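The values are calculated or read from the model by the stated rules, or taken from the named source; none is laboratory data. The structure presented is a predicted model; accordingly, all values stated were derived computationally and were not measured. Note: ideal-geometry Cβ built from the backbone for every residue, glycine included; neighbour counts use all protein chains shown.
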Amino acid sequence: MRLLGLSCGQQDGSAEILLKAALKSAENEGVEVRHVRLNDLRLPVGPARPDEVDDAEWFLDQYLDADALIASAPIHTRALPGALKLLLDRVLGPKADVVLAEDALHRGDSSTASGLGFEVSTDRRVLNPRVAGLIAVGGCREARWRTLALPLLHTLTFSTQVKVVDQIDVRTPGGLGGIATDAAAVERAERLGETVAEQAGLPYDQASYRGGEGVCPVCHLNLLALRDAHVECGTCGARGEFVVDDGRVRVAFSPAGQERSIFAISEKRAHHAELRSSAASEPSASDIDRCAAAFREYDRIVLPDRWSPQ
């Protein structure tokens with residue numbers, strides 16, 4: 001079993017320290033560990049120039065070669081580092097979606113053409129089972145400043161149908177690597193590493209979640225959105241209903257509501273069918289060209305001085 005660790009903050013910072021605590025614990029369980037620092041990667045925005053280094057495909061290969069993932073990120077402005085979002089956009093999402101890959105392989109596509117306007121990987125490793133542990137590290141005492149971090153970290157996992165088996169949101173003392181002084185946080189990260197290692201390579205429906213419980217029974221987080229008369233999990237989309245018990249409000253998620261989660265393979269397949277249906281009814285290239293012409297001609301672009309002719 002191979003475990004990929006991804007640290008998304010400063011070298012020797014608190015996020016990396018907790019990741020290393022988890023990785024060392026996992027390695028003691030017998031898995032092979034690889035550690036990638038996000039800041040070591042070169043990820044151009046858009047296609048790389050011929051002379052430009054682009055590590056996106058290398059990282060995707062590391063990701064697909066792993067049976068488990070542990071990602072640890074500092075919290076920036078209530079969210080995650082921009083470089084991590086860039087990595088997600090470059091290598092995961094539709095490109096490494098299990099249902100799109102499944103469909104492409106079933107059709108016998110030998111290229112990455114999806115017929116949907118974006119690339120789809122035909123690497124069979126996309127379909128391999130994996131589990132994950134997620135770590136978010138922030139300096140604010142108040143939890144409301146950390147609310148978005150774990151939900152956003154889940155975007156590392158859902159396209160490839162990775163089961164998150166543990167997750168932690170940790171407040172860190174100040175100073176580079178300050179979390180090392182918090183023995184309880186380090187121990188908690190070690191337990192997360194053990195949990196991930198013990199279940200590495202298990203299929204999604206056989207792996208079990210062992211972290212803290214939240215309102216949502218699918219992703220185990222507490223981010224909620226109101227959708228008309230319904231409540232929707234802001235992380236995974238499971239649908240619930242408000243229920244009042246003894247004057248207290250809670251959210252009840254039925255089995256059917258949980259199947260609406262984007263983590264459910266049935267929902268992914270329904271989404272794929274919707275994409276195919278939408279693609280079939282798209283306007284023609286000539287209609288797009290005719291309607292978009294006026295917008296192409298409108299140009300008020302400004303550029304940095306380095307773009308000026310020499």
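Data overview
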{"quantity": "Among (1) in contact (Cβ under 8 Å) with a residue 24 or more places away in the chain; (2) surrounded by fewer than 14 Cβ atoms within 10 Å (Cβ to Cβ); (3) in contact with a strand residue (DSSP E or B) (Cβ under 8 Å, 6 or more places away or on another chain) - the single one SER254 does not satisfy", "calculated": "(1)"}
{"quantity": "All positions within region 158-184 that are part of a loop (DSSP other than H, G, I, E, B) and small (Gly, Ala, Ser)", "calculated": "SER159, GLY174, GLY175, GLY177"}
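Here's the yes/no breakdown for (1) under 30 Å from GLY234 (Cα atoms); (2) loosely packed, with under 10 Cβ neighbours inside 10 Å:
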residue	(1), (2)
ILE265	yes, no
ALA270	yes, no
SER281	yes, yes
SER284	no, yes
ASP289	no, no
ILE301	no, yes
PRO304	no, yes
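Residue by residue, here is whether (1) at pLDDT 90 or above; (2) closer than 24 Å to VAL162 by Cβ holds:
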site	(1), (2)
GLY237	yes, yes
HIS272	no, yes
SER278	no, no
TYR298	no, no
VAL302	no, no
GLN310	no, no
